[in-house]
1. Within region 112-131, how many residues are open to solvent by less than 30 Å² (accessible area, probe 1.4 Å), within 17 Å of residue 71 (Cβ to Cβ) and touching a Pro at 6+ places or on another chain (Cβ under 9 Å)?
2. Could you list, in sequence order, the residues of region 47-67 that are farther than 16 Å from residue 16 by Cβ and aliphatic (A, V, I, L, M)?
3. Starting from residues that are open to solvent by 90 Å² or more (accessible area, probe 1.4 Å) and touching a residue at least 60 places away in the same chain (Cβ under 8 Å), keep the ones in region 133-154 and report whichever is farthest from ligand 1 (Cβ to nearest atom).
4. Report yes if residue 109 is exposed (fewer than 14 other Cβ atoms within 10 Å of the Cβ), of a type in the set (Phe, Trp, Tyr) and in contact (Cβ under 8 Å) with a residue 24 or more places away in the chain, otherwise no.
5. Exactly one of (1) away from ligand 1 (no atom under 11 Å from the Cβ); (2) farther than 20 Å from residue 51 by Cα is unmet by residue 101. Its number?
6. Can you name the condition, by its number, that residue 133 falls short on among (1) of a type outside the set (S, T, N, Q); (2) within 16 Å of ligand 2 (Cβ to nearest atom); (3) under 16 Å from the mean Cα position of the chain (by Cα)?
7. Somewhere in region 65-73, is a residue open to solvent by less than 40 Å² (accessible area, probe 1.4 Å), over 12 Å from the mean Cα position of the chain (by Cα) and not acidic (Asp, Glu)?
8. Which condition number does residue 130 fail, the rest of (1) in contact with a His (Cβ under 9 Å, 6 or more places away or on another chain); (2) within 12 Å of ligand 1 (Cβ to nearest atom) being met?
Amino acid sequence: MNANNSLRVDGLVERALALNFDDLRALPEADQVRDVRRLGAKRGGDAVGLATILRLAGASSEAQYITLHAGADDFHASVPLSSVSDKAVLIYQQDGAPLPAAAGGPFRFFIPDHAACRTAEIDECANVKFVDRIELTRERGFDNRPQDETEHAKLHEPG
Ligand SMILES: Nc1nc2c(c(=O)[nH]1)N[C@H]1C(S)=C(S)[C@@H](COP(=O)(O)O)O[C@H]1N2
Ligand SMILES: [Mo]
């Protein structure tokens, strides 16, 4: 996580962005997704649509992949942009305050109709917590989601 808790958006965009809690909170109601439990999230909170972020950054039509980077625990997932661009959201607040780390904050990527872990490209594992950078690329980006069940189970061990 970077020091000022901002989310960088870069790669194939017209404008690289550094968004913080206040920036997201100030977006118009039309860009807000209130109560992500309605989308199937386990915990409550508010989000902005990924489509909004792509619009703000001026995503290039050449971008084919979106990579969610979490520097905090070095976890990364890269998925085809077209499969998430109109439905994924970025959760950023809970009860009017920044999303706590316990819920994957300050920024958590969430795909509403994700598949079960490791059953598809767009699976629950791609709901990256502690996202500090969203990168758009032509080719698939870095992805270190667990490859097998042993590796996957380790991620779910407490501590
Ligand atoms: N930064 C980060 N994000 C992550 C993970 C992780 O280890 N680090 N685990 C992933 C996996 S494998 C799953 S199944 C979900 C679990 O989300 P939950 O902790 O909200 O249940 O988060 C995903 N996002
Ligand atoms: Mo997972």
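1. Count: 1.
2. 47, 48, 50, 51 - these are the residues of region 47-67 that are farther than 16 Å from residue 16 by Cβ and aliphatic (A, V, I, L, M).
3. So in region 133-154, the residues open to solvent by 90 Å² or more (accessible area, probe 1.4 Å) come out as 138-140, 142, 147, 149-150, 154.
Remaining after also requiring touching a residue at least 60 places away in the same chain (Cβ under 8 Å): 138-140, 142.
Numbers: 138: 24, 139: 22, 140: 18, 142: 13 Å.
Among those that are open to solvent by 90 Å² or more (accessible area, probe 1.4 Å) and touching a residue at least 60 places away in the same chain (Cβ under 8 Å), it is 138.
4. Working: exposed (fewer than 14 other Cβ atoms within 10 Å of the Cβ): no; of a type in the set (Phe, Trp, Tyr): yes; in contact (Cβ under 8 Å) with a residue 24 or more places away in the chain: yes.
Judged against the criteria, residue 109 is not a match.
5. Of everything listed in (1) away from ligand 1 (no atom under 11 Å from the Cβ); (2) farther than 20 Å from residue 51 by Cα, residue 101 misses just condition (1).
6. Going through (1) of a type outside the set (S, T, N, Q); (2) within 16 Å of ligand 2 (Cβ to nearest atom); (3) under 16 Å from the mean Cα position of the chain (by Cα) one by one, residue 133 breaks only (2).
7. Filtering region 65-73 for residues open to solvent by less than 40 Å² (accessible area, probe 1.4 Å) gives 66-70.
Within this subset, residues satisfying the condition of being over 12 Å from the mean Cα position of the chain (by Cα) are none.
No, region 65-73 has no match at all.
8. The failed condition is (1).
The values are calculated or read from the model by the stated rules, or taken from the named source; none is laboratory data. In this text, all values refer to a predicted model and were calculated from it rather than measured experimentally. No Cβ is skipped: glycine too gets one built from the backbone with ideal geometry, and neighbour counts run over all protein chains shown. Protein only, heavy atoms only, side chains kept; ligands, DNA and RNA dropped before computing areas. Shrake-Rupley method; radii C 1.70, N 1.55, O 1.52, S 1.80 Å.
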